[in-house]
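Visitor: Here you go, one structure.
The values are calculated or read from the model by the stated rules, or taken from the named source; none is laboratory data. Quick caveat, the model's predicted, so the values are computed rather than measured. Neighbour counts are summed over all protein chains in view; Cβ atoms, including those assigned to glycine, are modelled from backbone coordinates with ideal geometry. SASA here: full protein model, heavy atoms, side chains in, ligands and nucleic acids out. Shrake-Rupley method; radii C 1.70, N 1.55, O 1.52, S 1.80 Å.
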Amino acid sequence: MLYRNLVAVYEQLEGTRQHSDVRQLLTELFRSAPTNLLPSILYLSQGLLRPEFEGVELGVGGALARKAVAQSAGVDDHQVHREVSVSGDLGITAERLRSGQRRLEPLEPLEIEEVYAGLMAIAAARGSGAQEERLRRLTGLLARAGPVEARYLIRFVLGSLRIGIREMTLIDALAHAFGDGSKAARARIERAFNLCSDLGWIAEELSRHGLDALDAVTIQVGRPIRPMLAERARSLSEALHRMHGTAALEFKYDGLRVQAHVARDGSVRLFSRRLERIEAQFPDLVDALPAAVRHRPAVLEGECVPIDPDTDEIRPFQEISRRRGRIYDLDRLRSEVPVCFFLFDLLLDGTEPTLDRPFPERRERLEAAVTPGPSVRLARQLRVDSAEPARDFFDLALAEGAEGIMVKSLAPESTYRAGARGFWWIKYKKEYAEGLSDSLDGVVVGAFHGRGRRAGRFGAFLLACYNPERDAFESFCKVGTGFDDAALAEMPRRLEPWASDARPAKVDTGLEPDRWFRPGLVLEVRGAELTLSPVHRADFGAIRPGSGFALRFPRFTGRIREEKAPTDATSSGELRRMYRQQVRQSPAASGPA
Ligand code: AMP
């Protein structure tokens, strides 16, 4: 299949807003593609080369891409530079330069397979000649690309495909292409995806063996599964009430969620909440887990928390972030910031998947499978059937350095629900008990120039929540409070990879920041209350026409939520629920901002 045919679909997608039209285009694409090409088509269309958890990076930056565009078009770097400053998009520039070129011989058209193989080779380039190798290969691909192909090749390489297809849309289209398109078909594909996190593999499997084959998909060592998520409750009694009076309470540790895969031979893979491989940051866990886990292979979940090596006390979460992204000095950090992994779930016990077992059985198996040691322990748990001991346990959790408790269902239906948020797990945090508002995770979509003492740098940031139904990032506050000088000075560097010349298509706001950013960086904020505002677009019109939710008096807590993807930010649905709870508690809070 020709790459030209794939980008023709991209072009149509770019001009299509209706979900049903997008689905139709994708359904036709999947039906017409040869089975063996489906994985590459799925990955490429998501801006990936392999499923996200494999962490395959292309390794091509803007400078190299510009050079490849210049060389393949036979112009000098300055001309490319000038054109980009007008078009603002290297993809468009590449396209324009290609269409202006005269050729003596017709091009031999690019096959999808060749493009994919070429990009994989670029990603695989290593060593001293890697940059030249990448440049040579990218120039080679561009030299054979037609104008529109060049536009999308460059956009792919720069990580901004701009066709905006999200996973749920792909799943929907797969359900139409290889099933009857019903809700039930979608649910079966989604279930398989939650367990294997690989849409390319799923597409090929569907095409070869049909929907029934997917029902056999279960957890596998080495493939991360989507984490189960918690709902929130305003009070302990509400949480217990939802559990019909009896529940398991656990410390809610404030660290990094880690999914550990321990193979039979003792090799370990660690995945973050975003399903990225993180064993390089935690060599101590890689060492400790094989000894601690008696039943192998195993897939376990827990929270990784810094602890004080002298007193064994839990340390503040911020200390662990010093380890993230570090490649050097790990040995020193390992002893300076030792961590403890508090396990709270078991998803694979030996060769037996335990996901579909009720939580009490999973916990029992977890206790049987693990020999606790200094750096691998079990999350502290207490089963209760009344409010009194629950309150004591909550106080104990705070005293011991946890940020609250998790209230977990013990019902027969309390299976592990990969990728789902529900009331089987309810979080109850310190802030709720103190009557403070809960923290929110907002995605930076814009920044405003500072004034006065902050002149010459950013003074405030526009934050958005995520609306999964619209696949949109909707603004809910402008935050400038809570940043110290160091945090503020660091923001431009942090935000640089997400800079955008114009408002990104998925961003919805009534404000016009000085700089736009594609959704990437997630910040934790806290505020006084939620109100309704005409300039913010969070769940626009849900309560009153022409108004969205806004956070009043927002303040940055100092925490950049690196472990959260933009789509993991607080959702517009969560804001709506929080607003309703707040209104119930205090009718005065419902007025406009
Ligand atoms: P939040 O990130 O505020 O939605 O809270 C849910 C997170 O709490 C989970 O994703 C885990 O990272 C973390 N957590 C800490 N302790 C536990 C526990 N005992 N059970 C489940 N999750 C926990």
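Visitor: What is the extension gain from ASP395 to ARG50, computed as 0.36 nm multiplied by their sequence separation minus the C-alpha to C-alpha distance, in nm to one decimal?
Guide: That works out to 119.7 nm of additional length.
Visitor: For the pair THR481 and ALA263, what calculated FRET efficiency results from E = 1/(1 + (r/R0)^6), where r is the Cβ-Cβ distance and R0 = 45 Å, to the nearest 0.05?
Guide: It comes to 0.40.
Visitor: Can you classify the chain as rounded, prolate or oblate using the Cα gyration tensor, where a ≥ b ≥ c are the square roots of its eigenvalues, rounded means a/c under 1.5, and otherwise it's prolate if a/b beats b/c and oblate if not?
Guide: Prolate shape, in that a/c is at least 1.5 and a/b is the bigger ratio.
Visitor: Relative to the present Cα-Cα distance, how much length would full extension add between ASP308 and ARG277 at 0.36 nm per residue of separation?
Guide: 8.6 nm
Visitor: Across the chain, how many lysine pairs, 8 or more positions apart or on different chains, have C-alpha atoms separated by under 26 Å? Please give the number.
Guide: Final tally of qualifying lysine pairs is 18.
Visitor: A further question on this structure: Stretch LYS430-ALA455 to full length: gain in nm at 0.36 nm per residue minus the Cα-Cα span?
Guide: Length difference between fully extended and current span is 5.3 nm.
Visitor: Once you charge only the Cβ atoms, +1 for Lys and Arg and -1 for Asp and Glu, what is the size of the charge dipole of the chain about its Cα centre, to the nearest 20 debye?
Guide: 1300
Visitor: Another one. Lys/Arg Cβ at +1, Asp/Glu Cβ at -1, dipole of the chain taken about the Cα centre: which of GLY452, CYS465, ALA569 is farthest positive-ward?
Guide: GLY452
Visitor: Skip the ligands, DNA and RNA, and give the accessible area per residue of the chain with a 1.4 Å probe, whole Å².
Guide: 44
Visitor: Could you work out [θ]222 nm for the chain from helices alone, using -39500 (n - 2.57) per DSSP H run of at least four and dividing by all its residues? Round to the nearest 500 deg cm²/dmol.
Guide: One gets -11500 deg cm²/dmol as the mean residue ellipticity at 222 nm.
Visitor: So what is the relative contact order for segment 440-590, in percent, with contacts set as C-alpha pairs under 8 Å and at least six apart?
Guide: Contact order relative to length: 27 percent.
Visitor: For ASP438 and LEU2, FRET efficiency with R0 = 45 Å and r from the beta-carbon atoms, rounded to 0.05?
Guide: Using R0 = 45 Å, I get an efficiency of 0.30.
Visitor: Where the accessible area of segment 229-433 is counted over protein heavy atoms with a 1.4 Å probe, how much of it, in %, is carbon and sulfur?
Guide: Here it works out to 48 percent.
Visitor: While we're looking at this one, here's another question. Counting other Cβ atoms within 10 Å, which chymotrypsin sites (Phe, Trp or Tyr not before Pro) in segment 146-221 have at most 15 and lie in a DSSP loop?
Guide: Sparse-neighbourhood loop chymotrypsin sites (Phe, Trp or Tyr not before Pro): none present.
Visitor: Which shape class applies to segment 229-433: rounded if a/c is under 1.5, otherwise prolate when a/b exceeds b/c and oblate if not, where a ≥ b ≥ c are the square roots of the Cα gyration tensor eigenvalues?
Guide: Oblate, since a/c reaches 1.5 and b/c is not below a/b.
Visitor: Using a 10 Å cut-off on Cβ atoms, rank the peptides 262-273, 308-319 from the highest mean neighbour count down.
Guide: With the highest mean Cβ count within 10 Å placed first, the list reads 262-273, 308-319.
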